[in-house]
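A short worksheet on the structure shown next.
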Amino acid sequence: GALLVNERIDREELCGALSPCSLSFEIVVENPLELYSGTVEIQDINDNDPVFPSSQARLEISESVAAGARFPLESAQDPDVGINSLQTYQLSANPNFALDVQTRVDGSKYAELVLEKELDREEQRELNLVLTALDGGSPPRSAHVQIHIDVVDANDNAPVFNQSTYKASVRENTPSGTLVARISAYDLDDGPNGDIVYSFSSHTPAKVRELFALDSATGELRVKGQLDYEETKLYEIYLQAKDKGAVPGVAHCKVLVEVVDVNDNAPEVTVTSVYSPVPEDAAPGTVVALLSVTDLDSHDNGQDSGSPPLSAVKHILVQVSDVNDNAPKVSQDSYDVYVPENNMPGIPILNVSATDPDLGRNAHLSYTLLQGDTTFGHLFSINRENGTLYLLTSLDHEDQVEFSMMVQVQDGGFPPLATNVSVSVFVTDLNDNAPMVLYPHPNTTATYTDVVAPGTPAGHMVTKVVAVDADAGYNAWISYTLLQATDPSLFLVGLHNGEIFTARQLREDDAPEHTLVILLKDHGEPVLSTSATVSISVAEMVKEVLTDLTDVAPANDPRRHMTFYLILAVILVSAAFFITMLSVGIFKCYKWRQSKELYNSSRSTTYRTPGPFQHIDAVRGGFTPPSFYHQVYLTTDSRQSDLLCKKPFTSSPLGSRQGTIRNGEPGLYHQIVGTASRLPTPAE
């Protein structure tokens, strides 16, 4: 806060004769914001000598001049002010004159010679005096002028002014030539000694002579230059009247001219400080700029109330700076994207569009994929600059149908603002899976042979081809067609359920072994297909089993000639078979009603559209994939079998979804209902 002098100060150059000399300034204090006005007063030092207009002065004084007469002397000028200005005059010692120092209204000094003893031309024709001007400095500075006085013959009467002081007022904008005052003097002498000539006194400042003009014959004082109230408000003008005698008589008067202020100065607006840029969230009442207004005129003219009033206009440019007050705006709150499965990796699938009305970094948007699921980072990627969402890998509808993620749009402000938008990616199904045969199992070396008794009537369901399609919707609908058969006239295949029926009653002359090739096709585009081979034997099932048992037992005995072991084995087998059949009969009688209801419900629908649960039919107990859990219910009057497979299902917004059944997949629950054509008697 120190105020320092920047360069050498010359008070006389800045203010001239004006005192006190002061410089005004304004200081802005921040935090808190305050405005102070200050004034530096430039103090005068005695660095200037008094100066006379000329180095010598000449006076003509008649010998007839009476004692007490006064003779003004040229005044010395000292640009210093106050005590350092001109303070007094001193006159060299002489017997006739004394020095009288007078003070003007403005405080300046001037000297007059006072005749104390009448002159005698015959005694002394001329006098040489020295006038010294002294200022009040310490030590004082001085100036000298030589005064030469010629004593002339007497002109008995000097001019006389009708008043010693004249007063006048004039407006500061008065044009040149305007009459200010008219002075008048008279002289009682005749002839040249009575003719009067008016002029400025010798000590009249040069500035006054530049502003006013005096008619020497008429005594009219007129405006000559441009008056300025703000520079000088009052002029004290000293005039003299001199006759034309040999020794002219002189009379002196003064004219006080008051300058009247005119509203000739417009207000000046000074912008002390402009606080720019201003944040757009600045509170009402926030200081934007500090202004000061000045007017050099006085009174009402200086309060902006002149007539006519003058005005000033100051243009202030205030920059408004942006504040991060707008979060990014997205065109929609959520996006649903549908991508066909088996897509090419690296393709763009979505462009998240967002805008921010802010400017600069506050409007620079970056896009980030929020990792709700860590696996999404391997599947999806988003361009931070333009919001383009890329799919990094190929998707499989059968693996996952829907992906939900959150995209965050964030600006570059401080603190940053962000907006989240949800993105759901749905994997649409393509027909990329052919039907898969579950029964008969296509990838096993074991041969599943279905048995049908001779004489079986037409319409009897012999077996059933069980298949699934991993696709969804129409792509998973399977149709079954008999492609090849040993006897095409003997068997039919259900178009939608894969059930194999007898087309007519079996005859004795029909072949004992039949091989059927079933073509399975889905409804996709393009159509995918597969085939299943079914083997059917025409035989009495229980009789064949017992015959095989009888044939096998001796083959497994390495000592065929041991009759004892053979008889014992036959007895044990017969007893075990009898006990088993008896137990089964008792158990079936107990469960008959429940199994009947189960049979009726399983036959109610032979074909269903793929949905949340998979309903698959099987024949007897032939379809038994490993790791499945089975419950078997046998009825005495049923020749049909059902296999129920259940799998948890997650709903999809894209429509129905068909579950996939895989061998050995944990979490599956299977229920198999089988039947026997009939129960053997105890004898059999």
Once His144, His496, His315 are ranked on solvent-accessible area with the largest value leading and a 1.4 Å probe, the list reads His315, His144, His496
Among Trp477, Trp592, what's the order by accessible area (1.4 angstrom probe), most exposed first?
Trp592, Trp477
For Ser298 and Ala98, FRET efficiency with R0 = 41 Å and r from the beta-carbon atoms, rounded to 0.05?
0.45
Summed over the other residues with a beta carbon less than 14 angstrom from that of Asp281, with K and R at +1 and D and E at -1, the charge totals -4
In nm, to one decimal, how far is the modelled label at Leu4 from the one at Glu122, with both set 7 Å along Cα→Cβ?
7.9
Cα to Cα, under 16 Å, and not fewer than 8 places away if on the same chain: which aspartates and glutamates meet these conditions relative to Lys329?
Asp356, Asp358, Glu385, Asp411
For Lys464, give me every one of the aspartates and glutamates with a C-alpha distance below 13 angstrom, ignoring sequence neighbours fewer than eight places off in its own chain.
Asp450, Glu499, Asp617, Asp642
Along the positive direction of the dipole of segment 99-163 (beta-carbon charges: Lys, Arg +1; Asp, Glu -1; about the Cα centre), which of Gln163, Ala143, Gln102 reaches farthest?
Ala143
Peptide ranges 398-409, 71-82 listed from the most packed, as the mean C-beta count within 10 angstrom indicates:
71-82, 398-409
Stretch His460-Glu230 to full length: gain in nm at 0.36 nm per residue minus the Cα-Cα span?
69.6 nm
Within segment 101-134, name every residue whose backbone N is under 13 Å away from a label modeled 7 Å from Cα of Arg70 along the Cβ vector.
101-105, 110-115
Lysine pairs within segment 166-320, Cα separation less than 27 Å, 8 or more sequence positions apart or different chains
16
So how exposed is Lys244, as accessible area in Å² (1.4 Å probe, rounded to 10)?
110
For segment 241-273 versus segment 356-370, the gap between their alpha-carbon centres in whole angstrom
73
Projected onto the charge dipole of segment 160-260 (unit charges on the beta-carbon of Lys, Arg, Asp and Glu, signs +1, +1, -1, -1), the Cα from Leu227, Leu214, Gly177 with the largest positive-side position is that of Leu227
What are the extents of the Cα atoms of segment 436-538 along their three principal axes, listed from largest to smallest and rounded to whole Å?
45, 28, 17
Taking a crude spin-label model, label points 7 Å out from Cα along the C-beta direction, the Phe564 to Asp150 distance in nm is 19.8
Where a ≥ b ≥ c are the square roots of the eigenvalues of the C-alpha gyration tensor, would you call segment 321-390 rounded, which needs a/c under 1.5, or, failing that, prolate if a/b is larger than b/c, or oblate?
prolate
Taking a straight Cα-to-Cα line shorter than 14 Å from Lys109, and setting aside same-chain aspartates and glutamates fewer than 8 residues away, one finds Glu74, Asp78, Asp80, Asp100, Asp135, Glu236
Around Phe52, with a cut-off of 14 angstrom between Cβ atoms, what is the net charge of the other residues, counting Lys and Arg +1 and Asp and Glu -1?
-1
Counting only protein heavy atoms and leaving out ligands, DNA and RNA, the solvent-accessible surface of Ile196 at a 1.4 Å probe, in Å² to the nearest 10, equals 30
At R0 = 51 Å, FRET efficiency that the Cβ-Cβ distance of Leu370 and Val287 yields, to 0.05
0.70
Length gain on complete extension for the stretch Val114 to Arg384, per 0.36 nm per residue less the alpha carbon to alpha carbon distance?
86.8 nm
Enter the Cα centre distance for the pair segment 424-438 and segment 400-421, rounded to the nearest angstrom.
31
Run the numbers for Val573 and Ile45: contour at 0.36 nm per residue of separation, minus the present Cα-Cα distance, in nm.
175.1 nm
For segment 62-152, state which trypsin sites (Lys or Arg not before Pro) are in a DSSP loop and have at most 11 other beta carbons lying within 10 Å of their beta carbon.
Lys117
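The values are calculated or read from the model by the stated rules, or taken from the named source; none is laboratory data. The structure displayed is predicted, hence computed values, not measured ones. Note that each Cβ is placed from the backbone with ideal geometry, even for glycine, and that neighbours are counted across all protein chains shown. Accessible surface areas use protein heavy atoms only, side chains included; no ligands, DNA or RNA. Shrake-Rupley method; radii C 1.70, N 1.55, O 1.52, S 1.80 Å.
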